[in-house]
Amino acid sequence: MKGFWHDAAEFFPILMNGVVLTIVVTIGSLLLSTVLGLVWAMMRVSGIKALSMISASLINVIRGIPIIVLLFYLYFVMPDLGVTLSALQAAILGLGIAYSAYQAENFRAGIEAIDKGQIEAAQSIGMGWWLTMRRVILPQAVRIVLPPYGNVMIMMLKDSSQASTITVAELALQGKLIASSTFKNTNVFTLVALMYLTMSIPLILLVRHFEKRAGKR
Amino acid sequence: MIELNDVHKSFGVNEVLKGITASVEKGEVVCIVGPSGSGKSTILRCINGLESYDRGGISVEGLKVDRDAPSILDIRTQVSMVFQRFNLFPHRTALENVIEGPLYVKKEPRAQALERGRALLAQVGLAEKADAHPPQLSGGQQQRVAIARALAMQPKAILFDEPTSALDPELVGDVLGVMRKLADDGMTMVVVTHEMGFARDVADRVLFIDGGVIVEQGPAKALLNQPQHPRTQDFLRRVLHPL
């Protein structure tokens, strides 16, 4: 750890470039996984057999493929099929798709936790399926879903480092590049770890806040 | 107004309705009584399509009840329902519960829905609870909000599924009072209940159901005071004199 603060001051600006990309990848894939997860979950609870089966198989396929393989597929294989993605696009798409499976299961659990009487009450005042979802089920499911959603956010922040395998110069890759050119492995990777931790702390606090709120009612 | 013709319904191998034929006229109050598990609630739930039925026919104002047809949404706006466990929306205030249907199903202007909603809460004696959330209300208050919510749809009839069964005894009277007022105002009501006093005083007609069939029916006072069928006599004896 010799000269840690000196090295930290020197490498921090370079690593900050990585932080920016880490945040872009995390937020991008979080949004994508949320939208896709909602779609899968809606299909799953739609009551239409075909949709629900398609969604269930999709979720299983996605769950069964390692994120890193998904990323390789999008970045290295898709060009052969005529679709060329930038490394950043492939990273967001890959992580977004991979996490959509977990999001979907989380959302479905939240939706199914709502008392059936709520659905009947909505139906009894003439609400259709979509209106029941939008006005009655989803607003209540959000409360249940938020704590695990916060955990997914933390996991995605850390898993965004897998984007380094397809050349996205986010925090982990920046660290590795500096370390291999300076041989200051200890100082560099300690700094990288601290920077990930610093980004996680607000999310951890957010989860705690969600949990408190969910416990209230 | 509501017609049931030889309605059959099974849950798996358990046949709960074995040919129910009945009708409810406009402005009539019909109470359905009978032992638990006799199919009383299932009849109500079939009328507004919360439950499907296997055979026979149900119609409301001449419109066939088919829970898989789009017309079921129209039927449900005409026939409201009040549930045993209230089923208020816990994330909305009392007033929001009441105006939810008018606002989002009937697309009423907000100002008008709010005004009607407040008037309905006043009608059930809860004007000052408009901004309370359901968990802050007693069971009796919740059920009265639920009745206001049903009324807000301006239905032609209201179905009550054991509306006082989940209430503490001292809260039953408030809810029955509101229902009695509705009956006096000419609302068409079908009430599944164990409150024999209410049935005798308020209902025009009583159906006694047991084992999925209508065992006996007739004018409320006659049926409850001088039941003809032995099963009705036995049931009423056990309900009225449990000791």
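The values are calculated or read from the model by the stated rules, or taken from the named source; none is laboratory data. Worth saying up front: this structure is predicted, and the values here are computed from it rather than measured. Note that we place each Cβ from the backbone using ideal geometry, even for glycine, and neighbour counts take in every protein chain shown. Heads up: the accessible areas ignore ligands, DNA and RNA and are worked out on the full protein's heavy atoms, side chains in. Shrake-Rupley method; radii C 1.70, N 1.55, O 1.52, S 1.80 Å.
Observations
- Selection from segment B:135-146 of residues that are open to solvent by less than 10 Å² (accessible area, probe 1.4 Å) and within 12 Å of another protein chain (Cβ to nearest Cβ): B:Val145, B:Ala146
- Close pairs from segment B:25-53: first within 14 Å of chain A (Cβ to nearest Cβ) and in a helix (DSSP H, G or I), partner among the basic types (Lys, Arg) and open to solvent by 30 Å² or more (accessible area, probe 1.4 Å), Cβ under 9 Å, at least 6 apart: B:Cys46/B:Arg67
- Restricted to segment B:92-156, the set of helices (runs of 4 or more DSSP H) holding at least 2 residues that are touching a residue at least 60 places away in the same chain (Cβ under 8 Å) comprises B:139-152.
- Test: A:Arg134 is at pLDDT below 90 and within 13 Å of chain B (Cβ to nearest Cβ): no
- Given (1) under 30 Å from A:Asn60 (Cβ atoms); (2) in a helix (DSSP H, G or I), number of the condition A:Ile114 does not satisfy: (2)
- Candidate set from segment B:66-91 (those that are part of a helix (DSSP H, G or I) and more than 7 Å from every other protein chain (Cβ to nearest Cβ)); member that is farthest from the chain's Cα centre (by Cα): B:Ser71
- Count of segment A:63-106 residues which are open to solvent by less than 20 Å² (accessible area, probe 1.4 Å) and either of a type in the set (S, T, N, Q) or farther than 18 Å from A:Val24 by Cβ (or both): 4
- Any chance A:Leu31 is over 21 Å from A:Ala172 (Cα atoms) and touching a residue at least 40 places away in the same chain (Cβ under 8 Å): yes
- Per-region count, segment A:160-175, residues open to solvent by 40 Å² or more (accessible area, probe 1.4 Å) and either within 21 Å of A:Met199 (Cα to Cα) or part of a helix (DSSP H, G or I) (or both): 2
- Positions within segment A:120-131 being surrounded by fewer than 17 Cβ atoms within 10 Å (Cβ to Cβ), assigned to a helix (DSSP H, G or I) and within 7 Å of chain B (Cβ to nearest Cβ), in sequence order: none
Okay, residues lined up against (1) buried (at least 24 other Cβ atoms within 10 Å of the Cβ); (2) among the basic types (Lys, Arg); (3) over 23 Å from A:Asp115 (Cβ atoms); (4) touching a Cys at 6+ places or on another chain (Cβ under 6 Å):
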residue	(1), (2), (3), (4)
B:Arg76	yes, yes, no, no
B:Leu88	yes, no, no, no
B:Asn97	yes, no, no, no
B:Leu103	no, no, no, no
B:Lys106	no, yes, yes, no
B:Arg110	no, yes, yes, no
B:Ala122	no, no, yes, no
B:Gly125	no, no, yes, no
